[in-house]
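Below is one structure; the comments refer to it alone.
The values are calculated or read from the model by the stated rules, or taken from the named source; none is laboratory data. Source: prediction; values computed, not measured. Here Cβ is always computed from backbone atoms with ideal geometry, including for glycine, and neighbour counts include all displayed protein chains.
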Amino acid sequence: MKMKKLGILLSVMFFAVATMAQGYEIGDKVKDFHLKNVDGSHVSMADFPDANGFIIIFSCNHCPYVVAYEDRMIEIHNEFAPHGFPVIAINPNDTIAEPRDSFTNMKVRAKEKGFPFPYVIDADQSVYPKFGATRTPHIFLLKRDGADLRVAYIGAIDDNFRDASAVEERFLANAIHAVQRGETPEPAVTRAIGCTIKTRN
């Protein structure tokens with residue numbers, strides 16, 4: 001009986017891990033989204049027909065890891081948007097589970113920081129699972145492939161969330177430079193460091 005219960009428990013754990021692991025992988029084609037921005041408009045990647053790709057950052061208001069990276073997120077957008085790689089920040093958190101990430105607070109935070117990029121909300125939490133995002137911040141670099149957008153890099157912005165001046169590896173920036181050269185980023189996947197995405201379940 002104990003072995004049977006253990007087998008059931010292991011099966012449930014395996015299913016949970018497999019479910020969490022679902023999402024886009026390197027090279028996968030990405031579906032567009034249509035999400036509400038802090039300015040009241042709705043944003044899709046189709047709104048940027050001249051983009052060479054996108055820097056999708058799953059972000060939020062309250063997470064200390066995000067707060068540590070916000071200035072770098074702005075710098076990344078300002079550095080790479082002119083070259084066709086704009087940032088789109090997506091708040092994936094359920095606002096009942098985490099009221100600090102409410103749409104009202106998103107508008108306040110965006111104004112405080114002067115975000116030069118869209119900051120949109122995944123209100124029904126339907127977008128982040130498609131990407132396979134698990135943390136804030138979690139980065140997905142997309143590159144243009146004809147009419148499609150494909151995943152080129154997944155993971156962290158760099159190797160030091162605590163201190164921007166102590167960064168040794170700019171994972172995201174290096175990945176963008178590789179894509180611009182027509183090369184595959186190396187590494188193409190790093191471990192995202194941040195807060196878990198909040199759901200009501």
Being in a strand (DSSP E or B), farther than 16 Å from Ile26 by Cα, modelled with pLDDT of 95 or more and among the β-branched types (Val, Ile, Thr), is that true of even one residue in segment 186-198? yes
Of all residues in segment 105-127, count the ones that are under 10 Å from Ile90 (Cα atoms) and touching a strand residue (DSSP E or B) at 6+ places or on another chain (Cβ under 6 Å). 5
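Give the number of residues within segment 68-117 that are of a type in the set (A, V, I, L, M) and either more than 19 Å from Leu35 (Cβ to Cβ) or in contact with a Gly (Cβ under 7 Å, 6 or more places away or on another chain) (or both). Working first, answer last.
First, the residues of segment 68-117 that are of a type in the set (A, V, I, L, M): 68, 73-74, 76, 81, 87-90, 96-97, 106, 108, 110.
Still in the list and also either more than 19 Å from Leu35 (Cβ to Cβ) or in contact with a Gly (Cβ under 7 Å, 6 or more places away or on another chain) (or both): 68, 74, 76.
Number satisfying all stated conditions: 3.
From the set of residues in segment 122-168 that are among the aromatic types (Phe, Trp, Tyr) and under 13 Å from the mean Cα position of the chain (by Cα), which is surrounded by the most Cβ atoms within 10 Å (Cβ to Cβ)? Talk me through it step by step, then tell me what you get.
First, pick out the residues of segment 122-168 that are among the aromatic types (Phe, Trp, Tyr): 128, 131, 140, 153, 161.
Okay, now just the ones that are also under 13 Å from the mean Cα position of the chain (by Cα), so 128, 131, 140, 153.
Working: Tyr128: 22, Phe131: 24, Phe140: 24, Tyr153: 27.
Checked segment 122-168; the qualifying residue surrounded by the most Cβ atoms within 10 Å (Cβ to Cβ) is Tyr153.
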Which one of the conditions (1) in contact with a Pro (Cβ under 9 Å, 6 or more places away or on another chain); (2) in contact (Cβ under 8 Å) with a residue 40 or more places away in the chain; (3) farther than 19 Å from Asn52 by Cβ; (4) not basic (Lys, Arg) does Ile96 fail to meet, given that it meets all the rest? (1)
Residue count for segment 158-185, restricted to those that are of a type in the set (Phe, Trp, Tyr) and in a helix (DSSP H, G or I): 1
